[in-house]
Amino acid sequence: MSEISRLKTQITTRFSLGGFQIRSEASTFLAQQLLPLDETERKKWITNVANHVQGQCLSLPVVEKQHIELAIKEANNTGLDDTETIFRVISAFDVPAFVYCEEKKKFLPDTSKKSLLAIPDAKSHYIRERYWLLWQRTCRHESFSQRMAPGAAEMGKKSRLILRKVENILSTSKMNDVVLLGLLTQLTEGRYYLEDPTGSIPIDISTARFSSGLVCEGCFLLAYGKYRDGVLKVDEIGFPFPEPAANSRAFFGSVNSWGGASKTLLKYSRNLGELEKANPEHSIVFLSDCWLDSPVVMEKLNLLLRGYDEFPPVAIVLMGPFAKANENVYALKSLFQKLGEILSECEKLKVQTDLVIVPSIDDPAAANILPRPPIPDTLTAELKKRYPRTILTTNPCRLQYCTQQIVVCRADLVTKLCRNTIHFPKEGLLETHFARTLIDQSTLAPLTPIAFPTHWNYDAALSLYPLPDLIVIGDPCQGFHTTEQDCTVMNVGSFPKSKFAFKVYYPSSKIVEDSQIPDEE
């Protein structure tokens, strides 16, 4: 028996003891890596790699080559616990959901069963939970704890103001200095209302002063004004106050509110924090509108991938749609195969870089509603075969790199917010108003379900509370990035429409780099 065969037998035996079946390709790869070591070191490494594979929480007890590669990579980073993975992709359907408990003043895990086919009550439930999230956050803001009216700091005046509910206002004929948090709705055509769990009230915003942000129907607003004759005459209107992520996380306790295999939040991992700081060159690359049926796009993708083969990033995130023309769904199978052929020639990328495939609503085979499932395996089997580090995920999805928390969503969010806003700000940059809208609303979907359809049972996947470190949007409009409340909001833009521009994020320094494939002269 050859030395490789003997090592493979040891590896297979060790993994079977842990309840895993290891593929022949994976055991051969691991045996080749261990061949130069002595017998004692081999046994240690087999056990170490097996433990790290177990920490990956595989959906099936079948170990592929990419699982071994990731385990070796993690095992090389000494000092990490089994649950402390360097890079992980979290499906939208695996994001933990929480409900706010008024009595305990904290968020508790929502243990109810979820389904795409939601019951009718699920719609009112997720809207109520959004309201209570913003309500508890607003009540803690210093403006209310100090009884300060909106704008009073500038005028040097103080008022004893209270954040009220609709039922309190409707119980009287008139009321001054009303502060109300409610959902902007249009219950009758051409007439706006603010709605909360206790009722709805018509509002007059004809002379109101708007704060920054893109105010749309479906947003929660904070209004200040006078109540007369059944109508709230609004003087000032804007979004609920934002809150730094560190303050928000205090109300979740030690539970993992982000998602992933770890029971505790990896944001606080000292080991991962030190590893993150020690690797300032580590990066994540983001591209959107990766039209694989366009020869020019494939040529530029080829240049990009071969260029990064010299300096492999942690991950390359490709966002759809993956075909400009969606006439033949099955044509995508051969297009992904071509992408796999390009990647298979990138030797360093195959060992060090994960390829994350995020579908758009135009990709097969799911409805125009978020979150949407990954692209089917039948279309990407050849890509995964040629590049085993391919990760098919949902839209949106979450990424965890060391302590960094990243939300990725491929949607025309900027475009839809601009089209549906009832008041477009006259001053300030669009990216600033867009970022404030998402951050203040604490969701990727601050619009009515008609304008932005979402699965009611999986609203937690769209939540931005507590705030992540980075929000990545794939909108075809011009790319940008800005920072609010220590959270970077970035629009990748369209790879083909922007002359092949893309974004690179360096987690250690939180720097976003604008990059572009140069034209060949």
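The values are calculated or read from the model by the stated rules, or taken from the named source; none is laboratory data. Just so we're clear, the structure is a prediction, and the values are computed from it rather than from any experiment. All Cβ positions, glycine included, derive from the backbone under ideal geometry; neighbour counts span all protein chains shown. Ligands, DNA and RNA are excluded from the accessible area calculation, which covers all protein heavy atoms including side chains. Shrake-Rupley method; radii C 1.70, N 1.55, O 1.52, S 1.80 Å.
Label-to-label distance, R419 versus L116, with points set 7 angstrom from Cα along the beta-carbon direction: 2.4 nm.
Counting only DSSP beta bridges whose two residues both lie in the chain, roughly 65 percent are antiparallel. As a calculated quantity, the FRET efficiency between E299 and L60 at R0 = 30 Å, using C-beta atoms, amounts to about 0.25. Taken about its Cα centre, the range 286-393 carries a charge dipole of about 200 debye when Lys and Arg each add +1 at the Cβ and Asp and Glu each add -1 at the Cβ.
For the range 1-129, what does the relative contact order come out to in percent, with C-alpha contacts under 8 Å and a separation of six or more? The value is 19 percent. The fraction of accessible area contributed by carbon and sulfur in the chain is 51 percent, rounded to a whole number (1.4 Å probe; ligands and nucleic acids excluded). For K416, what accessible surface area do you get with a 1.4 Å probe? Give it in Å², rounded to 10. Roughly 50 Å² of K416 is accessible to a 1.4 Å probe. Couplings 3J(HN,Hα) for the range 402-417, derived from phi with the Karplus relation 6.51 cos²θ - 1.76 cosθ + 1.60 (θ = phi - 60°), are 6, 9, 7, 10, 10, 9, 10, 9, 9, 7, 7, 5, 4, 4, 5, 5 Hz, where x marks Gly and Pro.
Gyration tensor over the Cα atoms of the range 373-521: the corresponding equivalent ellipsoid has semi-axes (square roots of 5 times the eigenvalues, largest first) of 25, 21, 17 Å.
Counting only the Cα atoms, the range 163-238 fills a convex hull of 84 Å³ per residue. Over all directions, the projected convex hull of the C-alpha atoms in the chain averages 28.0 nm² in area.
Assign one of three labels to the range 3-76, namely rounded, prolate or oblate, based on the Cα gyration tensor with a ≥ b ≥ c the square roots of its eigenvalues; rounded applies when a/c is under 1.5, prolate when it is not and a/b is larger than b/c, and oblate otherwise. Prolate, since a/c reaches 1.5 and a/b exceeds b/c. Placing pseudo-labels 7 Å out from each Cα toward the beta carbon at E102 and S5 gives an inter-label distance of 7.3 nm. Restricting the calculation to alpha carbons of the range 330-383 gives Rg and Dmax of 12.7, 37 angstrom. According to the calculation over all Cα-Cα pairs in the range 245-516, the P(r) per 10 Å bin from zero is 6, 29, 37, 22, 5, 0 %.
Of the listed residues K114, K499, the order by accessible area with a 1.4 Å probe, largest first, is K499, K114. Quick one: angle between helix 295-308 and the longest Cα principal axis of the chain, in degrees between 0 and 90, rounded to 10, please. On a 0 to 90 degree scale, this one is about 70. What is the calculated FRET efficiency for D377 to K43, with r their C-beta to C-beta distance and R₀ = 45 Å, to the nearest 0.05? About 0.80, to the nearest 0.05. Once the Cα-Cα distance is subtracted from the 0.36 nm per residue extended length, the T172 to D362 segment shows a gain of 63.4 nm. For the range 96-255, the Kirkwood hydrodynamic radius comes to 17.1 Å, computed from all pairs of different C-alpha atoms.
Charge tally around T185: other residues with Cβ under 11 Å, Lys/Arg +1 each, Asp/Glu -1 each, net -2.
With all pairs of different C-alpha atoms in the average, the Kirkwood value for the hydrodynamic radius of the range 225-285 is 16.1 Å. Rounded to the nearest 20, the size of the Cβ-charge dipole of the range 163-238 about its Cα centre is 200 debye, with Lys and Arg at +1 and Asp and Glu at -1. A 1.4 Å probe run over the protein chains yields, for the range 163-238, 42 Å² of accessible area per residue, whole-number rounding. Given a 1.4 Å probe and the protein chains as shown, W45 ends up with an accessible area of around 60 Å². Between the range 385-428 and the range 9-52, what's the alpha-carbon centroid distance in Å? So the separation of the two Cα centres works out to 38 Å. With respect to the cross-link table entries K73/K385; K105/K267; K165/K267; K165/K226; K385/K499; K123/K267, which display a Cα-Cα separation exceeding 25 Å? Going by Cα-Cα distance, K165/K267; K385/K499; K123/K267 fall outside the 25 Å limit.
The figure for E484 is an accessible area of roughly 40 square angstrom, using a 1.4 Å probe on the protein chains alone. Does a label point 7 Å from the Cα of E347, set along Cα-to-beta-carbon, have any residues of the range 307-341 with amide nitrogen under 19 Å, and which are they? Within reach of a label on E347: 307-313, 341. If the segment from E236 to K497 were pulled out straight at 0.36 nm per residue, it would be longer than the present Cα-Cα gap by 90.0 nm.
For the range 362-414, what does the alpha-carbon gyration tensor say about shape, rounded, prolate or oblate, given a ≥ b ≥ c as the root eigenvalues, a/c under 1.5 as rounded, and a/b over b/c as prolate? Judged from the Cα gyration tensor, the range 362-414 comes out oblate (a/c at least 1.5, b/c at or above a/b). Between 0 and 90 degrees, the angle of helix 3-17 with respect to the longest Cα principal axis of the chain falls at about 40 degrees.
Shape class for the range 454-521: oblate, because the ratio a/c of the largest to smallest gyration tensor axis (alpha-carbon atoms, square roots of eigenvalues) is 1.5 or more and b/c is at least a/b.
Taking amide hydrogens as placed 1.01 Å from N in the peptide plane, the amide H of S494 sits under 5 Å from those of G479, each at least 5 positions away in sequence or on another chain.
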